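Every read-out reported here was derived from the displayed coordinates using simple, explicitly stated rules and does not represent laboratory data. Only a predicted model underlies this, so the values are computations on that prediction, with no experimental measurement involved. Heads up, the Cβs are rebuilt from the backbone with ideal geometry, glycines too, and the neighbour counts pull from every protein chain shown.
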Amino acid sequence: MRCPLLLIALLFFSPAESHGTLRFAVYEPGFPPFIYIEEKQHKITGIVPKLLTSFTQQQSLSIEYVMDNRKGGEQRLYDGNVDAMLISPEWAKHPDQLLFTQAILPYDDYLFQRDTQEAPENTSVTGKSVCTREYYVYPVLEKAFETKTMLRLDASSQQAQLRMLEKSRCDFAYINELVAYWLVERHFPGLRITPVSDYKASTSLKIALHPRWHTHLPALNAFIQAQRESGELDKIVAQFVISKQK
């Protein structure tokens, strides 16, 4: 179910002229545990909203979350119809048109397979199918997809990727490690997954800003750094992150 306030923001907002409100694009159904809709209260939550709430209060700003799909949210950011979005430079279509914060949290992307008796290091990926997220760019996998070494099967969300993996509709799901374990813990209690070392990608969580917010970037970077050095960021992360299956 979508939050009515978020629908209003999606349907009626226009390009921002004032820097009093930070319009932040959230691609449905979210990117847990980093940013997502809490099902019971229908509100945006996660690691990034926790950080942004403190930052916007510090800067006397308000924040408005705008729902869209992954591709649409990124295009809105280029067009200036939103001010910010959770995306790292390597995942952006035109990173040169955006500003990026310093790294908030490092993470790894893996090919995940269903946990079997077969050792992951002996698993061949050649000729296998991979569940991927619709509209996502995967730099480490592009050559394999282009040469048909692996078959790409798009899904509408990370949860849909894991559902397809669970039902053996694909051999692997390529997904952020923290996202994968978070989703399995909450939505797939019978699914056991294990990462494969091939095609691992390491990156960091960053916020992309429209260039008109360049005057706020130093303050946001300083805030992220202060949260990290004080240990507050670790406390926020600990509320949401599940690093592995029990």
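I need the phi-derived Karplus couplings for the stretch 209-221: 6.51 cos²θ - 1.76 cosθ + 1.60, θ = phi - 60°, integer Hz, Gly and Pro marked x.
10, 5, x, 5, 9, 4, 6, 8, 4, x, 5, 5, 5
Only loop residues by DSSP count here, and only those with at most 11 other Cβ atoms within 10 Å; note down the trypsin sites (Lys or Arg not before Pro) in the stretch 89-190 that meet that. Could you put the intermediate results ahead of the total?
Values: sites: 93, 114, 128, 133, 143, 148, 152, 163, 167, 169, 186; in loops: 93, 128, 148, 167, 169.
Answer in residue order: 148, 167.
Show the residues, 5+ positions off or on another chain, whose built amide H is closer than 5 Å to the amide H of residue 133.
155
Between the DSSP loop rule and a limit of at most 12 other Cβ atoms within 10 Å, which GluC sites (Glu not before Pro) in the stretch 112-195 are left?
When the GluC sites (Glu not before Pro) of the stretch 112-195 are filtered for loop state and at most 12 Cβ neighbours within 10 Å, 118 remain.
Short version: ³J(HN,Hα) in whole Hz for each residue of the stretch 195-205, in order, from phi by Karplus 6.51 cos²θ - 1.76 cosθ + 1.60 (θ = phi - 60°), x for Gly and Pro, what are they?
x, 10, 5, 5, 6, 5, 10, 10, 8, 9, 6
Once the Cα atoms of helix 47-58 and of the chain are each reduced to a long axis, what angle between those two axes, in degrees from 0 to 90 to the nearest 10, is obtained?
10 degrees
Which lysines does residue 40 reach when only Cα atoms under 20 Å apart count, and residues fewer than 8 places away in its own chain are ignored?
Counting by Cα, and skipping residues close in sequence, residue 40 has these lysines nearby: 50.
Per-residue ellipticity at 222 nm for the chain, helices alone: DSSP H runs ≥ 4 residues times -39500 (n - 2.57), over residue total, nearest 500 deg cm²/dmol?
Details: 8 runs with 79 residues, N = 246.
About -9500 deg cm²/dmol.
Among the listed pairs 43/206; 128/200; 206/235, give every one whose C-alpha distance is greater than 20 Å.
Working: 43/206 22 Å; 128/200 16 Å; 206/235 18 Å.
Correct reply: 43/206.
Report the gain in length on full extension from residue 97 to residue 115: 0.36 nm times residue separation, minus Cα-Cα distance, nm rounded to one decimal. Could you put the intermediate results ahead of the total?
Details: separation 18, 0.36 × 18 = 6.48 nm, distance 4.11 nm.
Working it through step by step, the gained length comes to 2.4 nm.
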